[in-house]
Amino acid sequence: MSQLLDDDQRIIEFDVRTDEMLVNMGPQHPSTHGVLRLVLRTDGEIVSEMEPHIGYLHRCAEKIGENLTARQWIPYTDRMDYLAAMNMNLGWSLAVEKLLRYEVSEKARHLRVLIAELNRIASHLVGMGAYGLDLGTFSPFLYAFREREKILDLFEEACGARLTYSYITVGGLTADLPPGWLERCEQFLDQFEPVIREYHTLLTTNAIFVKRTAGIGVLSPEMAIDYGCTGPVLRGSGVDIDLRRDGESIYTAMYDGYAFEVAVMKDGHYPRDHEYPAVPTDAVLGDCWHRFFVRMLEVVQSMDLVRQAIDRYSQCKGPLGEPLKLAEKLPAGDAYLETECPKGQMGFYLVSEGAAIPWRVRARSSSFSNLAVAPELCRGCLIADVPAVVGSLDIVMGEIDR
Amino acid sequence: MAEFLIETIGLPSWLAWTAVAAVAAFLILNVIAGGALVFIWAERKIAARIQDRLGPTRTGGRFGWLQSLADGIKLLAKEDLMPDGADGMLFRLAPYVSFCASFCAFIALPFAFDVVGLRLNVGVFFVVAVLGLEVFGVILAGYASASKWSLFGAMREAAQVVSYEVPLGMCVVVPVMLAGSMDLVTIAEKQAGWLTNWYIFHDPFTFVIFWVYYTCAVASVNRAPFDLAEAESELVAGFHTEYSGLRWSFFFMAEYGSMFLVSALAAVLFLGGWNGPVPIASLLGWSDGSSLSAPYAVRLLGCANLMGKATAGVLVMMWIRWTLPRLRIDQVMTTCLKYCTPIAALMFAGVMLWQLFLPGGLVPGSRHQAAAVREAWLEGRGDRVPSTNVPLGVVPATSRQVVGVSQ
C-alpha cells in the first residue's frame, strides 16, 4: 500500500515543488525600453528562463532602402537608433562613400567627429538615466534629460531637428554650423563637466546602485565575443575593441590625430586620464556595473573628443563642401562598413548594380546582438534583475527591429 | 462632550456616545483625507524641485495647491474597471480593508495631551497591530486582480511587511520600556520639557534605535527604497496594477495615511510627541495652569508640534524616495533579518542595561524641571495607565488634574 502511494504521481507532485509561471513582460511594460516583449518563466521570484520577442517595431527599413537612392535613405537611418541618429547617418554615409571611394573635406571630417561624439554623449545620457529608471530611481533620469536637452538645442540650431537629424549625409553634411555655435557648445561642455560628478554620486557609487548592479548579469569576454556583442557591452567585459581605433581605415581616418583612450579595463584598471570613482569591490568584470561604468567613461571621453574637434574644426578654413547629389549614381559593386555607435558596432552593407538606387541594403544592428545575450545573463536571476540586465545592455528597439 | 450631551440636553447615553464617536471619526477621517491631499501635493512639488522641474503650477493658483483635488475629481470621474477574471467581491473589498486599517490606527494616535480619538492603555500595541492589517488589503488586491504582476506584488508585500514587523516591534518596545507604559499619551507626556528629555536623546542606544525604527517604518509602509510591492520598473504597478479610479485612490490614501501615521508614531515614541524642543508653555507659565484658557492654547500648540514632526518625517520619506534606487527583494529581506533585527535586539538589550545601571542619565538630576513636575504628577496619580477610554474633545477628569496640579 505504501509503495503504491509513493509511486502515485499526485503525491510526488504535492511535494515541495512549486508551480512555474509564465509571465509576459512587455510589450507594454514600463522598463522594456520600447516595444520589447520578454517572456519569463518564473519559479517564484526566480527567473528560470527568459526569451525576448522582437519585431513590434519592424518598418521594413532595409526594403525601403532598396527603393530609394543612397542619400534619400538617410532619414530612415535616423529612425533606427533614434537616440544616436547622427551616428546612424554617419555609418550609412561612410558605407556609401566607401563604395564611391569618396573623401570629404577636412572641415567636414572634423565637424562629423564633433557632431557624432556630441550625439554619443546624448545617447549615453539617455542610457544612464533610463538605467536609473530601471533600478527604481527617477531623478537621475531627469537630470540626464536636462543635459541632453542642451545637446538637442545645439543640434536644433545646427540642422533644425531635435531627434531625427539627417544632418550628416553622403558626401559631407547638409549645412555648416551657424555663427556662435562653437562658443555655445564649449559653454555647454564647461557646464556639463562638473555635473558628471553628481551622476557618479547618485548612481555609480551609490550603495544601493552598486548592490543592484555589481555581480549581476556577468558576461564573460568569451561569451561576449561568441554572441557578437559590441560597444560598451563588449568593453564592459574587458575586451579592448573600439572601432574608432581598430576599425577600417576609412573610418579610423576620421579620427586621425585625435587623442583618446579606449574606455576598457586593462590590467585591472580603467584609463586614468580623468578623475573617476574607484571600482567597487563587489563588481566583477563584465557585470551590469562595468557596462554602466564604461558608458560613463565614454561620456567623458567623448567630451574630450568634442573639445579637440572644436579646435580642429575652427582651424579649418575654406568651405565645408557640398554633399553629393540626391540621385548620385553608385558604381557597381558592394561595400560593408561598421562604425562605433554609442550602442555598439553598427554595420551597413549595400550592393549596387550601377544605378542610383542600391540593389540590396542591409543593416547590422548592435542592439540586436547585444539583446541576444540577455537570456543567458538572465538565467537564474531574480525578476528585479531582468530590467537591471536588459537596461545595462542599453538597447534601442528601433535599431533591433529596423 | 458626551457628558454635556447627556446632562444638559438629556440625550440617552448610547446616543450621546454614538454622536461623539461619529464626530471623532469625522475629524480623524478629515485629518487623513486632508493630510493625504496636502502630502500628495507636497510630494509632487518636492519631487519636482528635486528633479529640477516646477511641478504643478496652475491648478488653484500659483503653487498648484489644488492639484490633488483636481486629481481626486479626475479619479472620481474615471471608468470603474474590473478585470474579467477578477474575484469581484474581494477586488472591491481590498481597497477598503487597506484604508480602514490605516484609518483605525489613527484612533489611538494622540495629537496632543487629550486630543486623541480613543485613549487606550495599549495604544502602542493597538497602532502597530492595526497598521499590520493593511497588508491584508494588499494581498486581497493582488489575489483578486487575476493578474500575475499583482500577485507578485502582493506576495512581496506579504513577505516584506511580515518580516519588518519584527524589528519594528522591537524598536517600539524600547520607549514602552522607558516610559513603563504602553499608553501613547503617557509615553509622550514622559518626554515633556527640554529637547534632551526626548527618548531619542535618552541614551546612545535609543538614538540608534530611532533610525532603525524609521528604516523599518519606511519599509512597512512600502515607500522607496522598499517599495517592492509596487515596483513600477519590474511589476508594472504591483498589487494595484488593475485598479483605477476611486478604488485606486483608496490605496493611495491608505499609503499616505500610513506614512503620516508611522511618522507621527515616531514623533510620539522618540521625538517627544506634542512637546516642543523648548518647553515654551511652561516657561511662559501657561501649562502651570494660571489661566483657564491656557490649556487649549497649549493643546493647539501641541497639535501643531506633533503635526510638524510627523510632517517632517513624511518629507524625509519623500526625499529618500526621489533620491535612492530600489532594493531587490532578497536585499530587502537581508536588510531586515541580518541588520535591522539584530541591531534592534542589541539596542533593546543596551537600553535595558542602561535603565538598570544609569536610570538617571549620565548626569544625575539633569532632567528639566517641567519633566519632573509631570513625572511627579504621573507618580502621584498612582495609576500610570488610565483606565477610562477618553474620546476626542472630552476633557476628562484626569487631564483637568494636569491643569489643576499646580493650581
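Where a number appears in this text, it was derived from the coordinates with a stated rule and is not lab data. Just so it is clear, the model here is predicted, and its values are computed rather than measured. Note: ideal-geometry Cβ built from the backbone for every residue, glycine included; neighbour counts use all protein chains shown.
Would you calculate a helix-derived [θ] at 222 nm for chain A, using -39,500 (n - 2.57) for each DSSP H run of n ≥ 4 and dividing by the full residue count, to the nearest 500?
For chain A, the value works out to -14000 deg cm²/dmol.
How crowded by other chains is A:45-52, given as the mean number of beta carbons from other chains within 10 Å of each beta carbon?
1
Please get the size of the charge dipole for the stretch A:195-343, origin at its Cα centre, with Cβ charges of +1 on Lys and Arg and -1 on Asp and Glu, quoted in debye to the nearest 20.
460
Going toward the positive end of the dipole of chain A, with +1 on Lys and Arg Cβ and -1 on Asp and Glu Cβ, which of A:Gln345, A:Phe138, A:Leu36 do you reach last?
A:Gln345
With label points built 7 Å along Cα→Cβ from the Cα atoms of B:Lys338 and B:Asp52, find their separation and express it in nm.
Taking the simple label geometry, B:Lys338 and B:Asp52 are separated by 3.6 nm.
Amide H of A:Asp334 versus every other amide H placed in the peptide plane: which residues, excluding those fewer than 5 positions away on the same chain, fall under 5 Å?
For A:Asp334, whose amide H was placed from the backbone, the distant partners under 5 Å are A:Ser352.
Just want to confirm a number: the relative contact order over chain A, from Cα pairs under 8 angstrom separated by 6+ residues, in percent.
It comes to 27 percent, rounded to a whole number.
Given points 7 Å out from each Cα along the Cα-Cβ axis, report the B:Leu93 to B:Leu195 separation in nanometres with one decimal.
5.0
Averaged over peptide B:227-234, how many Cβ atoms belonging to another chain are found within 10 Å of each residue's Cβ?
6
Any chance you could get the radius of gyration and Dmax over the Cα atoms of the stretch B:152-262, in Å?
17.0, 50
Report the one residue of A:Gly268, B:Gly34, B:His202 whose Cα lies farthest in the direction of the positive end of the charge dipole of the protein assembly as shown (charges on C-beta: Lys and Arg +1, Asp and Glu -1; origin at the Cα centre).
B:Gly34
Among A:Phe368, A:Val390, A:Gly380, whose Cα sits farthest toward the positive end of the charge dipole of the stretch A:358-402 (+1 at Cβ of Lys/Arg, -1 at Cβ of Asp/Glu, about the Cα centre)?
Highest projection toward the positive end goes to A:Phe368.
When ranked by the protection proxy of mean other Cβ atoms within 10 Å per residue, highest first, what sequence do the peptides A:24-32, B:255-263, A:235-243 form?
Working: A:24-32: 19.6, B:255-263: 25.8, A:235-243: 21.2.
By packing density, highest mean first, the sequence is B:255-263, A:235-243, A:24-32.
How large is ³J(HN,Hα), in whole Hz, for each residue of the stretch B:253-265 in order, when computed from phi with the Karplus curve 6.51 cos²θ - 1.76 cosθ + 1.60 and θ = phi - 60°, using x for Gly and Pro?
So the J values, rounded to whole Hz, are 5, 4, 5, 5, x, 5, 4, 5, 4, 5, 5, 5, 5.
Let's see if you can work this out: charge +1 on each Lys and Arg Cβ, -1 on each Asp and Glu Cβ, no other charges. What is the dipole magnitude of the protein assembly as shown about its Cα centre, in debye to the nearest 20?
Computed about the Cα centre, the dipole is about 1900 debye.
Roughly how many whole Å is it from the C-alpha centroid of the stretch A:359-402 to that of the stretch B:1-64?
Between the Cα centres of the stretch A:359-402 and the stretch B:1-64 lies a distance of 49 Å.
Starting from the Cα of B:Lys78, step 7 Å along the direction of its Cβ; do the same at A:Lys63; then give the gap between the two resulting points in nm.
Output for this residue pair reads 4.0 nm.
Treat the count of other C-beta atoms within 10 Å as a stand-in for reagent exposure and order A:Trp181, B:Trp274 from fewest to most.
Details: A:Trp181 15, B:Trp274 28.
Ascending Cβ contact count within 10 Å gives the list A:Trp181, B:Trp274.
Straight-line reach from A:Lys107: which lysines fall under 16 Å, measuring Cα to Cα and dropping same-chain residues less than 8 apart?
A:Lys317
If you find the alpha carbon centre of the stretch A:261-320 and of the stretch B:235-261, how far apart are they in angstrom?
43
For the protein assembly as shown, what Kirkwood radius comes out of the mean inverse Cα-Cα distance, in Å?
This gives a value of 30.3 Å.
Which whole-Hz couplings ³J(HN,Hα) result when phi for each residue of the stretch B:117-133 is put into the Karplus expression 6.51 cos²θ - 1.76 cosθ + 1.60, θ = phi - 60°, listed in order with x for Gly and Pro?
x, 8, 7, 9, 6, 10, x, 4, 4, 4, 4, 5, 5, 5, 4, x, 6
Tabulate in residue order the Karplus-calculated ³J(HN,Hα) for the stretch A:104-114, using 6.51 cos²θ - 1.76 cosθ + 1.60 with θ = phi - 60°, rounded to whole Hz; enter x for Gly and Pro.
7, 5, 4, 5, 5, 4, 5, 5, 4, 4, 4
In what sequence do B:Asp84, A:Asp256, B:Asp114 fall when counting other Cβ within 10 Å, fewest first?
On the way: B:Asp84 5, A:Asp256 9, B:Asp114 22.
Arranged by neighbour count, lowest to highest, B:Asp84, A:Asp256, B:Asp114 become B:Asp84, A:Asp256, B:Asp114.
For chain A, just list the percent of Cα-Cα distances falling in each 10 Å bin from zero outward, please.
Cα pair-distance distribution for chain A, in percent: 5, 22, 31, 23, 11, 4, 2, 1, 0, 0.
Using modelled backbone amide H atoms (1.01 Å from N, in-plane), which distant-in-sequence or interchain residues come within less than 5 Å of A:Met25's amide H?
Those lying under 5 Å, H to H, from A:Met25 are A:Leu38, A:Val39, A:Leu40.
Pop the C-beta distance of B:Trp65 and B:Trp211 into the FRET formula with R0 = 22 Å and round what comes out to the nearest 0.05.
0.10
Starting from the amide H of A:Arg364, placed 1.01 Å from N in the peptide plane, find each other amide H under 5 Å away whose residue is 5 or more places distant or on another chain.
A:Gly347, A:Phe348, A:Tyr349
What is the fewest-to-most order of A:Thr169, B:Thr18 by other Cβ atoms lying within 10 Å of their Cβ?
Taking fewest neighbouring Cβ atoms as first place, the list is B:Thr18, A:Thr169.
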